[in-house]
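The structure under discussion appears below in the form of structure tokens.
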Amino acid sequence: MDPNQAAAGHAPDTEAPQDNDIVTFHTRKWVKPEDLNPNGTLFGGSLLRWIDEEAAVYAIVQLGNQRAVTKYMSEINFVSSARQGDLIEMGLRATHFGRTSITMTAQVRNMITRHLILTIEKIVFVNLDQDGVPAPHGFTEITYERDRVPTTALPVVRPNQ
Ligand SMILES: CC(C)(COP(=O)(O)OP(=O)(O)OC[C@H]1O[C@@H](n2cnc3c(N)ncnc32)[C@H](O)[C@@H]1OP(=O)(O)O)[C@@H](O)C(=O)NCCC(=O)NCCS
């Protein structure tokens, strides 16, 4: 599906992707004054922070481990932007489960203008053990349930500990 068409169609909030959707859209953001660059449009750094956080949550849900870290992001081409007050939505889908890694693709689109803002073909997260070493996660397929979501919080690590 053309991403602009998809934006116009407002993909439903279900976890499972619709036919031909490249990604499943979960998170919407309202562009606020603090998210703008001096040009008055959405600051790329803000958007990348949101995407990295969205991808981290996705990796945790898919791998069942909070110790999942960003390893790699492929080329990012900002094809359009957003202005204050616009609503944007971010979508992800796992494209490959490796031994210790998960690879995802991401899209961001402007819900107001219906334009695609960017696509990131490849975002790789690595599953770590408690020593910070890559560890096998054992999964090969996407879950659309919450069956892998960790049930205990990690201890908070404070600086100088
Ligand atoms: C994540 C980290 C522990 C991985 O260490 P590493 O020595 O590269 O580990 P490995 O070589 O065993 O690779 C681990 C996995 O990452 C994948 N990988 C490594 N480099 C990659 C790259 N450039 N692109 C895509 N995947 C890559 C490997 O294929 C492997 O996946 P697989 O087991 O599913 O096949 C280490 O690079 C690190 O600590 N990086 C910093 C992470 C971080 O702090 N991120 C937050 C942003 S600052």
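FYI, it's all coordinate maths here, none of it is from the lab. Since the model is a prediction, treat every value here as computed from it, not as a measurement. FYI the Cβ positions are ideal-geometry reconstructions off the backbone, even for glycines, and counts take in every protein chain you see.
Count the net charge of all other residues whose Cβ sits under 14 Å from the Cβ of Thr140, scoring Lys and Arg as +1 and Asp and Glu as -1. Can you show the working numbers first?
On the way: positive: Arg99, Arg148; negative: Glu141.
With Lys, Arg at +1 and Asp, Glu at -1, the neighbours total +1.
Summing +1 for each Lys or Arg and -1 for each Asp or Glu, what net charge is found among the other residues whose Cβ lies under 12 Å from the Cβ of Asn110? Mind dumping the intermediate values first?
Numbers: positive: Arg28, Lys29, Arg83, Arg109, Arg114; negative: Asp86, Glu89.
Cβ neighbours under 12 Å give a net charge of +3.
What would the Debye formula give as log10 I(q)/I(0) at q = 0.13, 0.21, 0.32 Å⁻¹ for the alpha-carbon point model of the range 55-103, no solvent?
Scattering profile of the range 55-103, log10 relative to I(0): -0.43, -0.86, -1.37.
On full extension of the chain, what length is gained from Thr143 through Asp131, given 0.36 nm per residue of separation minus the C-alpha to C-alpha distance? Don't jump to the answer; show the numbers that get you there.
Numbers: separation 12, 0.36 × 12 = 4.32 nm, distance 2.63 nm.
Contour length minus the Cα-Cα distance gives 1.7 nm.
With an 8 Å cut-off on Cα pairs and a minimum separation of 6 or more residues, tell me the relative contact order of the chain in percent.
Working: 302 pairs, mean separation 41.9, N = 161.
In percent, rounded to a whole number, it is 26.
From the phi angles alone, apply the Karplus equation (6.51, -1.76, 1.60; θ = phi - 60°) to the range 69-77 and give each ³J(HN,Hα) in whole Hz, x where the residue is Gly or Pro.
Calculated HN-Hα couplings, in order: 10, 5, 10, 7, 10, 7, 3, 10, 10 Hz.
If I take every Cα pair under 8 Å that is 6 or more residues apart in the range 33-98, average their sequence separation and divide by the length, what percent do I get for the relative contact order?
On the way: 33 pairs, mean separation 25.8, N = 66.
Here the relative contact order equals 39 percent.
Equivalent ellipsoid semi-axes for the chain, as square roots of 5 times the alpha carbon gyration tensor eigenvalues: give them largest first, rounded to whole Å.
Working: eigenvalues 158, 78, 37 Å².
The equivalent ellipsoid of the chain has semi-axes of 28, 20, 14 Å.
Near the amide H of Arg93, under 5 Å away, which other amide H atoms are found, from residues 5 or more places off or on another chain, if H is placed in the peptide plane?
Thr24, Thr105
Using the 10 angstrom Cβ neighbour count as an exposure proxy, how do Asp86, Asp129, Asp52 rank, fewest first? Spell out each step's value before the answer.
On the way: Asp86 19, Asp129 12, Asp52 15.
Ordered from fewest to most neighbouring Cβ atoms within 10 Å, Asp86, Asp129, Asp52 come out as Asp129, Asp52, Asp86.
In sequence order, what are the phi-derived ³J(HN,Hα) couplings for the range 43-59 according to the Karplus relation 6.51 cos²θ - 1.76 cosθ + 1.60 with θ = phi - 60°, rounded to whole Hz, with x for glycine and proline?
Once θ is set to phi - 60°, the couplings for the range 43-59 become 6, x, x, 5, 5, 5, 4, 5, 5, 5, 5, 4, 5, 5, 5, 4, 4 Hz.
If each of Thr95 and Arg158 carries a label point 7 Å out from its Cα toward its Cβ, how far apart are those two points in nm?
Rounded to a tenth, the inter-label distance reads 4.3 nm.
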